[in-house]
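Novice: Dropping a structure here in structure tokens format, bear with me for questions.
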Amino acid sequence: MMKKTLDVELPRVKDALTAIAAGATTAVALTQDCLSAIEQQNPVINAFLSVDKDGALAGAERIDECVSAGSSVGPLAGIPFGIKDVLTVEGLPATAGSKILEGYRPPYTATAVRRLMDAGAVILGKLNCDEFAMGSSNENSAYGPVRNPHDIDRVPGGSSGGSAAAVAAGMALATLGTDTGGSIRQPASFCGVVGVLPTYGRVSRYGLIAFASSLDRIGPFAASVRDAALVLGVIAGHDLLDATSALEAVPDYTDGIDKGVAGMRLGVPQEYFAEGLDAEVRSAIEATIEKLRAAGAQIVPISLPRTRYAVPTYYVIATAEASSNLARFDGVRYGYRAPEAKTLAEMYRLSREGGFGAEVKRRILLGTYVLSAGYYDAYYKKAQQVRRLLTDDFLAAFKSVDAILTPTAPTPAFRIGEKTDDPMAMYLADIYTVTASLAGICGISVPCGRSREGLPIGLQILGKHFDETTVFRVAQTVESLQG
Amino acid sequence: MSAKEKVAVDEVRRVAELAHLQLNAQEELAMQRDLSAILEYVAQLNELDTVAVAPMAQVAEVLDGGTQADTPLRGDKTCASLDRNRVMVSAPESDGAFFKVPKVIER
């Protein structure tokens, strides 16, 4: 197991902001610390696919000039971020973890990143991920796997493996990732950091290279709950450029975050504690639930009866939407074009065949199959109906509880290569996260313990649509109760 | 459990054609095996009675207890779009204004 060999421990976002404002440190110093950590650790961890050293330092200098001049700076001024490579930043590479976009530089910046930049954040570079966000281990990247900083023979989780590992390894103070079926929450759990799943529509998807448009969400990773809440407050909010972005007002997510859980009703669904749950994960989760009970919460056993249908439902809907979204990669306007193609049809086929990895092809084929004539009703329409039933289960549960507590993943981080031979085994590992994805509700994974081997274990807290405030409050309590 | 694969190889070929993917013989067999396993697993959705259930394609309809009016569209007025030069820089082949591709029509 690899110990962190950093000379410098990075501060929390909250403390860094205070230190910069007070002149105790500078944005440039903080950025340089991150760049050193990246230089030291990235050759092994492989979290960053591209680093914009000059741009980051220039951005940091601008912040330092404003601070010295006494002019006002934004709520994330000087904070160095990494951005998952499925999000566009104008002028920086965006590969989506795929060979098909090797060398591509987008002509526009994603709204979520634009909002970070307007708030004064420094963009360090782009983070490795499973190809087109399809995967649960970051082993599907065309640019090599990411390694878990807690044990480099293990996966960091996926698809936002780079985003989680960068925070865990002290390469960035916070990062942005995306979650379609668990791709923020599960890597957060495997890497021992905080990862937030905002409600669907809470954060604009403009500039996110789409995987499944009714499921994709952008969210923050950070080392603390408060930091994550701060970042969400900056990136959230309506955007005219995303027709699915919500008009719902954005509260100050840090306001009242310390209120504790006294009087709250927290549901524990029996279906998430059945067979397949690792014994050490179970005991860490149960111990945390007991701490919350001791802190004044009422723990309520609940049932989400149709949970077991969530994985098959997800893999029909997500792959169907992916087959449609990935049709744009055809060698015409951007990305890889097969040089040997003689006709247009050949160009489409050979470019896609040459540029896409095996998992992406598998999902495109599955998605095309379930949408094709003769199968649409049996698979896609059926899945959409079950999606409604799964959502109804949550809506019913939230009538009697304020939030729901579950393990984030059935096991701690598994070994690199352990599940790559069997796609189904990998898909089944998503069991605890895909339910919330389908229902559009919000959630978080917060560290709540370690296995005997020292591997992080995460608690997932799920909340009602647009009730991130309650989720943060429970998570903050969990964090403060950690020994 | 039937020994026959749920998906036949020529179905894999048909779907690959629809998806504009060119699979080699090895890939075809692997995909046949994987798709069959996944679809076998997905078949359990039939255990649920969904006769009276409306399909849900977008969660938007439940995001506020169903009271939200139609998602507002922006006003129909011309705004700046992406700068063409910046966009065409990414083109594999172009004349600056158009994307160039191999011929479409056989003469």
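The values are calculated or read from the model by the stated rules, or taken from the named source; none is laboratory data. Remember, it's a predicted structure, so these values are computed and weren't measured experimentally. We place every Cβ from the backbone using ideal geometry, glycine too, and count neighbours over all the protein chains shown.
Novice: Consider A:ARG114 carefully, then state whether it is of a type in the set (Lys, Arg) and under 15 Å from B:ARG86 (Cα atoms).
Specialist: no
Novice: Have a look at A:GLY233, A:GLY256 and point out the one that is small (Gly, Ala, Ser) and in contact with a Phe, Trp or Tyr (Cβ under 7 Å, 6 or more places away or on another chain).
Specialist: None of the others qualify; the one that does is A:GLY233.
Let's see how each residue does on (1) modelled with pLDDT of 90 or more; (2) in contact with a strand residue (DSSP E or B) (Cβ under 6 Å, 6 or more places away or on another chain); (3) at the interface with chain A (Cβ under 8 Å from one of its Cβ atoms); (4) part of a loop (DSSP other than H, G, I, E, B):
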{"site": "B:ASP49", "(1), (2), (3), (4)": "yes, no, no, yes"}
{"site": "B:ALA52", "(1), (2), (3), (4)": "yes, no, no, yes"}
{"site": "B:MET56", "(1), (2), (3), (4)": "yes, no, yes, yes"}
{"site": "B:ARG107", "(1), (2), (3), (4)": "no, no, no, yes"}
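To keep it simple, each residue is scored yes or no on (1) surrounded by fewer than 22 Cβ atoms within 10 Å (Cβ to Cβ); (2) under 30 Å from A:HIS238 (Cα atoms); (3) without any contact (Cβ under 8 Å) to a residue 60 or more places away in the chain.
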| site | (1), (2), (3) |
| --- | --- |
| A:ASP377 | yes, no, yes |
| A:THR420 | yes, no, no |
| A:THR433 | no, yes, no |
| A:CYS442 | no, yes, no |
| A:THR470 | yes, yes, no |
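Novice: So A:VAL311 ticks every box in (1) within 12 Å of chain B (Cβ to nearest Cβ); (2) assigned to a strand (DSSP E or B) but one. Which box is left unticked?
Specialist: Every listed condition holds for A:VAL311 apart from (2).
Novice: Of the residues in region A:331-345, how many are more than 7 Å from every other protein chain (Cβ to nearest Cβ) and either at positive phi or assigned to a helix (DSSP H, G or I) (or both)?
Specialist: Looking only at that region, the number is 2.
Novice: Residue check, A:VAL360 against (1) closer than 27 Å to A:THR199 by Cβ; (2) more than 8 Å from every other protein chain (Cβ to nearest Cβ), all met but one. Which one?
Specialist: (1)
Novice: Output the residues belonging to region A:261-276 that are crowded, with 18+ Cβ neighbours inside 10 Å, of a type outside the set (A, V, I, L, M) and not in a helix (DSSP H, G or I).
Specialist: A:GLY267, A:PRO269
Novice: Right, here's the next one. So which helices (runs of 4 or more DSSP H) stay within region A:154-255 end to end and still have 1 or more residues that are among the polar types (S, T, N, Q) and in contact (Cβ under 8 Å) with a residue 40 or more places away in the chain?
Specialist: A:161-168, A:185-191
Novice: Evaluate the following for A:ASP7: is it part of a helix (DSSP H, G or I), out of contact with any Pro (no Cβ under 8 Å at 6 or more places or on another chain) and either more than 22 Å from A:VAL225 (Cα to Cα) or at pLDDT 95 or above (or both)?
Specialist: no
Novice: Here's another thing I want to ask about it. Determine whether region A:380-403 contains at least one residue that is more than 9 Å from every other protein chain (Cβ to nearest Cβ), surrounded by fewer than 18 Cβ atoms within 10 Å (Cβ to Cβ) and either outside any helix (DSSP H, G or I) or at pLDDT below 95 (or both).
Specialist: Yes: region A:380-403 contains one or more residues that are more than 9 Å from every other protein chain (Cβ to nearest Cβ), surrounded by fewer than 18 Cβ atoms within 10 Å (Cβ to Cβ) and either outside any helix (DSSP H, G or I) or at pLDDT below 95 (or both).
Novice: Please find, among A:THR343, A:THR307, the residue that is more than 30 Å from A:SER214 (Cβ to Cβ) and hydroxyl-bearing (Ser, Thr, Tyr).
Specialist: After applying the criteria, what remains is A:THR343.
Novice: Only one of these conditions is not met by A:GLY256: (1) at positive phi; (2) crowded, with 23+ Cβ neighbours inside 10 Å. Which number is it?
Specialist: (2)
Novice: Going by the structure shown, is A:LEU92 within 22 Å of A:ALA60 (Cα to Cα) and surrounded by 24 or more Cβ atoms within 10 Å (Cβ to Cβ)?
Specialist: no
Novice: Report the residue count in region B:19-32 for those that are farther than 17 Å from A:MET347 by Cβ and not acidic (Asp, Glu).
Specialist: The total comes to 7.
Novice: Now a separate question. Between residues in region B:14-36 that are more than 9 Å from chain A (Cβ to nearest Cβ) and residues that are part of a helix (DSSP H, G or I), which pairs lie under 8 Å by C-beta distance while being six or more apart or on different chains?
Specialist: As it stands, the answer is B:GLU28/B:VAL9; B:GLU28/B:VAL12; B:GLU28/B:ARG13; B:GLU28/B:ALA16; B:LEU29/B:VAL9; B:GLN32/B:VAL9; B:GLN32/B:VAL12, since those pairs meet every condition given.
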